[in-house]
Amino acid sequence: MNNPHKIIHIITGLNVGGAEQMLKRLLLSDPNSKDNVVIISLSGNGEIGRSLELSGYQIHALDFHGLSTLLTNFAALVKLIKANKPAMVQTWMYHADFFGGLAARVAGCPNVIWGIRNTFVPINSKKTYWLMRACAMLSYVVPKKIICVAEAARKKHISYGYHAKKMCVIPNGFDFTCFDAEQVDKKRIRQELGLSDSDFVVGCVGRLHLDKGQDVFITAVALLEKIHDQRVHFMLVGRGCDNNNAELLHQIDSFGLSASFILLGERHDIPECLAAMDVFCMPSRTEGFPNGLGEAMSMGLPCVATHVGDAKVLAGDTVIMVAPDDPMALAAGLTKIICMHPEERKRLGMHAASRVREQFSIDKARDRFYDVYREIAE
């Protein structure tokens, strides 16, 4: 299903993140999309932007950091929109919704689609909270449609004051050509780390942030060590999860767990990192529609995850779900899955892979986006 309408995508940034990855998957799922797409980043280029450029997409990187250049960058954004004459402008995340939506209307493009990518405002982000409240007021006049990544996000933002009738839900879609356990080298990362086939690895993937709950995971591991005597390695993958992070190292060491943790930091080979794991854990305090969990499921990994955002919608009954921000509950969930017979863990992972592949492909997500585009264009 092709989209013939010219679209400008405006996104807060193009470093590695859930929204950025979804935009990349959405565009690459349609080989013809590069002819009708312009991408504008409000905070410079990044790894996702460079990857899209290599794939033939047109990227414009602005710099909305700091008040001193705000008006200059806003004027440049308006100019870019006017020059490209889009049929519609789609924005991703609060900053892009606010600045991109206003710039589109100033540039004379009334067909604005906003994107809400999280359930709650990120923890400890007061400026983002007030920006979200401003967006709630503007939602009645700026966008024609507001696409939420999760039903939980839609309901929460209605409670924040967003225009309820403009909102719809399109869950993330996953590219299974990248996350295919049959095609990924399962041994490379283990060999790189000196791990044998018999070593048991529980891993998390996500940038280091309170929202992602790595601190909850570490505390749960401390409890797990006390109630379960099997030797297990715990792997953290993501920006900030590395051996240069003194605060993270201190937290791990405060529980005497330094020998148990493997810190890989930000990686560009996430499928291979997942293939090195026996169990995936998502300890998040908040999510919209969790990319990391969906990718782990698609790799056939048995998973333990917190009941946040639309994690349950994604996982159904194929994942062990526990309460968020509760190390004891997370430790209990991890103990349950570690103590399972290997064949039972394998079956759980296979059920997870079947569910995500049947219901949450990138092709299905793209078709839902394109339905919205046609509705707006008509």
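The values are calculated or read from the model by the stated rules, or taken from the named source; none is laboratory data. Values in this document were obtained by computation on a predicted structure and should not be read as measured data. Every residue, glycine as well, gets a Cβ built from its backbone with ideal geometry; the counts of neighbours run over all protein chains shown. Please note that ligands, DNA and RNA were not included when accessible areas were found on the heavy atoms of the full protein model with its side chains. Shrake-Rupley method; radii C 1.70, N 1.55, O 1.52, S 1.80 Å.
Checking each residue in the range 315-327 for being not in a helix (DSSP H, G or I) and not hydrophobic (A, V, I, L, M, F, W, C) picks out Gly316, Asp317, Thr318, Pro324, Asp325, Asp326. The single condition among (1) touching a residue at least 40 places away in the same chain (Cβ under 8 Å); (2) more than 23 Å from the chain's Cα centre (by Cα); (3) closer than 19 Å to Asp97 by Cβ that Arg188 does not satisfy is (3).
Which condition does Leu330 not pass, out of (1) surrounded by fewer than 23 Cβ atoms within 10 Å (Cβ to Cβ); (2) part of a helix (DSSP H, G or I), if it passes all the others? Single failed check for Leu330: (1).
Considering (1) assigned to a strand (DSSP E or B); (2) in contact with a Phe, Trp or Tyr (Cβ under 7 Å, 6 or more places away or on another chain); (3) in contact (Cβ under 8 Å) with a residue 60 or more places away in the chain, the lone condition that Ile40 does not fulfil carries the number (2). Looking at this structure, is Ile11 closer than 24 Å to Cys148 by Cβ and touching a residue at least 60 places away in the same chain (Cβ under 8 Å)? When the stated conditions are applied, Ile11 passes them. Residues in the range 204-219 that are among the basic types (Lys, Arg) and surrounded by 22 or more Cβ atoms within 10 Å (Cβ to Cβ): Lys212 only. Comparison of Val201, Val141 shows that the only residue that is surrounded by fewer than 22 Cβ atoms within 10 Å (Cβ to Cβ), of a type outside the set (Ser, Thr, Tyr), in contact with a His (Cβ under 7 Å, 6 or more places away or on another chain) and modelled with pLDDT of 95 or more is Val201.
Taking into account only those residues within the range 16-31 that are at pLDDT 90 or above and part of a loop (DSSP other than H, G, I, E, B), which is surrounded by the most Cβ atoms within 10 Å (Cβ to Cβ)? Give the steps one after another, and end with the answer.
Narrowing the range 16-31 to residues at pLDDT 90 or above: 19-30.
Now restrict to residues that are part of a loop (DSSP other than H, G, I, E, B): 29-30.
On the way: Ser29: 17, Asp30: 19.
For the range 16-31, the residue satisfying everything is Asp30.
Taking the stated definitions as given, is Thr119 hydroxyl-bearing (Ser, Thr, Tyr) and within 24 Å of Pro171 (Cβ to Cβ)? Judged against the criteria, Thr119 is a match. Scanning the range 249-273 for residues that are touching a residue at least 60 places away in the same chain (Cβ under 8 Å) and under 19 Å from Arg25 (Cα atoms) yields His268, Asp269, Ile270, Pro271, Glu272.
Which one of these is over 28 Å from Ala136 (Cβ atoms), in a strand (DSSP E or B) and touching a strand residue (DSSP E or B) at 6+ places or on another chain (Cβ under 6 Å): Ile113, Ile59?
On the way: Ile113 fails: over 28 Å from Ala136 (Cβ atoms).
Checking each option against the conditions leaves just Ile59.
Each residue in the range 109-130 was checked for being touching a helix residue (DSSP H, G or I) at 6+ places or on another chain (Cβ under 7 Å) and surrounded by fewer than 18 Cβ atoms within 10 Å (Cβ to Cβ), and 4 pass.
If you go through the range 88-108 and keep only what is in contact with a helix residue (DSSP H, G or I) (Cβ under 8 Å, 6 or more places away or on another chain), over 20 Å from Val169 (Cα atoms) and either in a helix (DSSP H, G or I) or open to solvent by less than 40 Å² (accessible area, probe 1.4 Å) (or both), you end up with Phe99, Gly100, Leu102, Ala103, Ala104, Val106, Ala107. On inspection, Ile48 qualifies as out of contact with any His (no Cβ under 9 Å at 6 or more places or on another chain), surrounded by 15 or more Cβ atoms within 10 Å (Cβ to Cβ) and not aromatic (Phe, Trp, Tyr).
Residues that are assigned to a loop (DSSP other than H, G, I, E, B), buried (at least 18 other Cβ atoms within 10 Å of the Cβ) and in contact (Cβ under 8 Å) with a residue 24 or more places away in the chain occur in the range 349-372; there is at least one. Applying the selection to the range 246-277, what residues are open to solvent by 50 Å² or more (accessible area, probe 1.4 Å), more than 17 Å from Val16 (Cβ to Cβ) and not polar (S, T, N, Q)? Ala246, Glu247, Leu249, His250, Asp253, Phe255, Gly256, Ala259 - these are the residues of the range 246-277 that are open to solvent by 50 Å² or more (accessible area, probe 1.4 Å), more than 17 Å from Val16 (Cβ to Cβ) and not polar (S, T, N, Q). Taking residues in the range 73-94 that are touching a residue at least 24 places away in the same chain (Cβ under 8 Å) and aromatic (Phe, Trp, Tyr), and partners anywhere that are open to solvent by 20 Å² or more (accessible area, probe 1.4 Å) and not in a strand (DSSP E or B), the pairs with Cβ atoms closer than 7 Å and at least 6 places apart or on different chains are Phe74/Phe99; Trp92/Thr12; Trp92/Arg117; Tyr94/Thr128; Tyr94/Leu131. The condition of being outside any helix (DSSP H, G or I), more than 30 Å from Ile376 (Cα to Cα) and acidic (Asp, Glu) holds for only one of Glu182, Glu192, that being Glu182. Filtering the range 116-147 to residues that are part of a helix (DSSP H, G or I), without any contact (Cβ under 8 Å) to a residue 40 or more places away in the chain and over 24 Å from the mean Cα position of the chain (by Cα) leaves only Met137.
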